[in-house]
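As structure tokens, the structure follows; a few thoughts come after it.
Quick note: the coordinates plus some simple rules give every number you see, no bench work behind them. Quantities reported herein were computed from a predicted structural model and do not represent experimental measurements. When we count neighbours, we look across all protein chains shown, and the Cβ atoms used for this are built from the backbone with ideal geometry, even at glycine.
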Amino acid sequence: MNCKETENYLPLYPDEVSPAIRKELENHLQQCPECRKLAENLRQYRSYAATAETPEVPVDFESRVMQSLEAKKRLANRRHFVWKAGLAVSSVAAILLIVFILFKPVNNPWDNAIEVSYIPKIEKKGKGSAPLADFQTIDARIKHLISETGASIEKSENNTLTGYYDYLILAVPGSTFSQFVEEFNHQSAIQIELPEPGIEKKGTVYIQLSFDLIRSTPGKFDKDPYADLLVQFISGRNKGKWMIYPNHDSSHFSRQHPAVIAGDESNYRGDFRMLSGDFNGDSLDDLCLYHFNLNMGLETHFLMNEGDFRFREDPGIFSNLTIPGNGESLAILSGDSDGDGRDDLLWLSEPEKGVFKLTVVNLDTSFSKLVLPDFERSGGVILTGDFNNDHYMDICVKYLKLYLRENTEIFHNTHDFAFEGPFFAGLSFQGDYIILSDDFDGDGFDDLLVKSGGQFLSGAWNIMRNNRQGKFIFWKQFELR
Amino acid sequence: MVISTSTTKDIDEILVRNIREHGDRTAFSQLVNKYQGTVFSFCYRYTGNRQDAEDIAQDVFIKVFNKIGSFRGEAKFSTWLYSIMVNTCSNYSRWTRNKRMNEMATFPPAEKEDSPRFADFPDHSGDPEQKLLNKELGQVIQGIIARLRYQQRSVVIMKDFQGKSYEEIAGIMKMNMGTVKSTLSRGRLAVAKKMKEYLEP
């Protein structure tokens, strides 16, 4: 028995392997110190697991579940009541509405309603690397805000896509309102403006917090050589809207333009990811939307760019393409792997432990195995881009080695379905960020865009310009509104 | 004389029927009381974080209550409940994963070293030195488990920590027994290999 076979049987040793296998295993273990170490770790692990104490359930867990159930029931009843009442007295309601408009009741709590978009304040810590802000920080801030000011959550809409809120309606007692405003303005990058500053509010003040979360992809969506940004809002007041931020003069993205998706754009609001690529070779980048289906692997949808920021569905491109495999180790990328001017689709999978393999879809050709050490447990990022301006797609990998600066590597496409490298690209970022690649300055060499603060629309967008020698140097920072 | 005894299955069936037909909160409270230990400890092992475990476990029971009308009684109630538990935990993972939705890779990030995720377990064993070693080993193992792949993580926790049978796990995970066994084997191997990285200088 060799080491590989030993690894297969060892996790089930000793009680779940046949006596013959057990004997062979034991023989191998006597000779191989490495496998002996592994066997010892397995033994330690299983002995720990078998004797580990069960974590104690919080004392009031049961009562909290029941309370939460009651709260949900009350909310449902309220909705039910409103619906029934609304149906029964709709005509009366119309009359009341007119009365309401003409003679505004004095104690209507919504007189005090304030609507704001919550943008977390991102504090820059230290020099150089990007500021840290993540969902947990923001969640903690909101909880702190609520507990400190006596506010309560009146209503919330949970965005299952991100596990985060679309919006929250907070009820703040008038007596603690000024404290709330102070806390909020301290913690949020946008300020609540009081209609009448300094005046103590009576009754309850309602505040609706919206969260502008987005998914985004860069691409050459218009005819100039500068890469633009496409954004879809996945929560907040603009939920479902698609926007393009065109870049006409290298990296000014301020003027937004709505993108039109022909057909039913509500089809594309689910749990999918998107990437861009020029799949039909018309020099305009198209969109590929994909999501992971437990039974089928990755499913893709294509939206072809018709110019003027309009996209139409095209089932003809890679029609009904599903990519088999386990979603946990699958990544999908686009890029022109063979230099024919049309972007191909590639997927990354892990056929063997620690070996990530790239496969090109529309050519049915595989790259030679690209070994990416430490990628698997790194929370790392893999990107495609033409980093050396040879019109062939290269690969950029960013590992999350927390304390190393040189953790970005480039692999060059050898034009022969293999990669050479890695070449160090000198770039270090930590925290919750998005990293994207495209040619933002129009020089033919793909640059990197690093956005801090994760998926929030706000947060700094940093362009790291390719210095044409495969190193990325901080160039510009901008904000999208 | 025939003595009639109610099996666990019977009691669950009675409680479920009372919840479905009469919205019986007391019956639901009894179910929560009975299963909270298993659900909470699974969520704790799965996330490595007490706060998250509490939130998710609570979510599991709310879902159970809301979906109880769709429980057909084809499988055991506990199997159905544990399936919801596993799904809710994997959605939690998707939650953390989707934080990096625009990134191409989908692996959970490594924890910072000072992360509070590796919380202490109560430990009442005797020898202080051994106690410390156990505690350290426990923290390392818990950290590794919370980063295993989702299916491996679920299977490893249910089999190795909760002592469930292959058959039961197959029902919960909707896998065949062979797949459960191979997932378990890969999960254990991954743990042992990672232990090597952590424990060797």
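Data table
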| read-out | value |
| --- | --- |
| Separation between Cα centres of segment A:34-65 and segment B:170-201, rounded to whole Å | 14 |
| Within segment B:138-201, trypsin sites (Lys or Arg not before Pro) in DSSP loop having at most 12 other beta-carbon neighbours inside 10 Å | B:Lys174 |
| Cα-projected label distance for A:Lys241 with A:Val371, points at 7 Å along beta-carbon direction, nm | 5.0 |
| Peptide-level mean, for A:466-475, of C-beta atoms on other protein chains within 10 Å | 0 |
| For A:Val397, A:Val260, order by how many other beta-carbon atoms lie within 10 Å, fewest first | A:Val260, A:Val397 |
| Cut-off under 5 Å, modelled amide H: who pairs with A:Phe356 long-range | A:Leu370, A:Leu372 |
| Residue order, fewest to most beta carbons within 10 Å, for A:Asp308, A:Asp364, A:Asp394, A:Asp336 | A:Asp364, A:Asp308, A:Asp336, A:Asp394 |
| Three-way shape call for segment B:1-92 based on the alpha-carbon gyration tensor, with the a/c threshold at 1.5 | prolate |
| Sites A:Gln477 and A:Glu299 - FRET efficiency at Förster radius 25 Å, r taken between beta-carbons, to 0.05 | 0.10 |
| Computed E for A:Glu24/B:Leu199 - FRET, C-beta separation, R0 25 angstrom, nearest 0.05 | 0.40 |
| Separation in nanometres of the label points that stand 7 Å from Cα toward Cβ, at A:Cys3 and A:Asp416 | 3.0 |
| Computed label-point distance, nm, for sites A:Arg269 and A:Glu182 using a 7 Å Cα→Cβ extension | 4.1 |
| Residues listed by number, segment B:47-84, amide nitrogen under 19 Å from B:Ile14 label point at 7 Å toward C-beta | B:73, B:76-78 |
| Per-residue ³J(HN,Hα) for segment B:173-187, Karplus 6.51 cos²θ - 1.76 cosθ + 1.60, θ = phi - 60°, Hz, x for Gly and Pro | 8, 6, 10, 8, 4, x, 5, 4, 5, 6, 5, 4, 4, 5, x |
| Order of B:Thr47, B:Thr79 - criterion: other Cβ atoms within 10 Å of each residue's Cβ, fewest first | B:Thr79, B:Thr47 |
